[in-house]
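*Asks:* This structure is in structure tokens; I'll ask about it shortly.
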Amino acid sequence: MGPKSNLPGGCDEPISEDRPLRADALRNRGRILEAAEVVFASEGIEAPVDVIAEKAGVGVGTLYRHFPTKEKLCEAILIDRLRDLTDDARAQADAEDPVAAFFGFLEHFVELGAAKRDLIVAVMGAGLDFDEAAAPVKEDLREAVGVLLRRAQDAQAVREDVTPAAVIGLISATCQAAGYNHEAPVMDLLGIVCDGLRAQGSS
């Protein structure tokens, strides 16, 4: 894993999340995140950071200025993916078929969660306060899911007592459960969850 402190090569202090990034720094950050996802997907979470830096076309020092540890890099990827989920939910807000939009989004959510399971384990194992770091985007996601949920409930396809927080909690737990039991495919588990969410008499 990456070093916990003392950035290599006499680099400057890590870039502050409270300070806006310059355009070149923002491009570097995006390249690092994109490269890290590709490398982690092909080589696993234990892939060395110098491989990520090389693929991103930046120096290792630049990578560490943005992400002082590999766990912080994993955290940033997860937060970006939560933003993507939020954007996806918002894009479905006016879908012609609200029921298909809601359950289709849940399938996308599970697919992404299952694909990023190793990153989630790395972040949680490092003791990072992911909930605090991701709080703003999680709130945006709850609101976006709430719109899809209410439309599906208005169509009498989903139980009225279901809340956005319950939906997100159930889907997150489904992804975690699939990681502990490989004999229960995640989509099979999702099917059971969706059956529980449906209003009585709906199909």
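*Asks:* Quickly run through segment 72-105 and pick out the residues that are open to solvent by 60 Å² or more (accessible area, probe 1.4 Å) and touching a Phe, Trp or Tyr at 6+ places or on another chain (Cβ under 7 Å).
*Replies:* Q92
*Asks:* Please pick out the residue among G179, G169, G201 that is modelled with pLDDT under 95, loosely packed, with under 11 Cβ neighbours inside 10 Å and either of a type outside the set (S, T, N, Q) or assigned to a helix (DSSP H, G or I) (or both).
*Replies:* Numbers: G179 fails: loosely packed, with under 11 Cβ neighbours inside 10 Å; G169 fails: loosely packed, with under 11 Cβ neighbours inside 10 Å.
Just a single option satisfies the conditions, and that option is G201.
*Asks:* Regarding segment 121-129, can at least one residue be identified that is out of contact with any strand residue (DSSP E or B) (no Cβ under 7 Å at 6 or more places or on another chain), of a type in the set (D, E) and either surrounded by 14 or more Cβ atoms within 10 Å (Cβ to Cβ) or assigned to a helix (DSSP H, G or I) (or both)?
*Replies:* Our first condition is that a residue be out of contact with any strand residue (DSSP E or B) (no Cβ under 7 Å at 6 or more places or on another chain); within segment 121-129, this holds for 121-129.
Now restrict to residues that are of a type in the set (D, E): 129.
Now restrict to residues that are either surrounded by 14 or more Cβ atoms within 10 Å (Cβ to Cβ) or assigned to a helix (DSSP H, G or I) (or both): none.
Within segment 121-129 (the criterion being out of contact with any strand residue (DSSP E or B) (no Cβ under 7 Å at 6 or more places or on another chain), of a type in the set (D, E) and either surrounded by 14 or more Cβ atoms within 10 Å (Cβ to Cβ) or assigned to a helix (DSSP H, G or I) (or both)), the answer is no, since none of the residues qualifies.
*Asks:* Turning to a different aspect of this structure: Working only within segment 130-166, note down all residues that are of a type outside the set (S, T, Y), in a loop (DSSP other than H, G, I, E, B) and modelled with pLDDT of 95 or more. Give the derivation first.
*Replies:* Here is the first cut: in segment 130-166, the ones of a type outside the set (S, T, Y) are 130-162, 164-166.
Applying the additional criterion that residues be in a loop (DSSP other than H, G, I, E, B) yields 134, 155-157, 159-162.
Scanning segment 130-166 gives A155, Q156, A157, R159, E160, D161, V162.
The values are calculated or read from the model by the stated rules, or taken from the named source; none is laboratory data. Since this is a predicted model, take the numbers as computed values, not measurements. Here the Cβ is made from the backbone with ideal geometry for all residues, glycine too, and neighbour counts use every protein chain on show. With ligands, DNA and RNA removed, areas are computed over all heavy atoms of the protein, side chains included. Shrake-Rupley method; radii C 1.70, N 1.55, O 1.52, S 1.80 Å.
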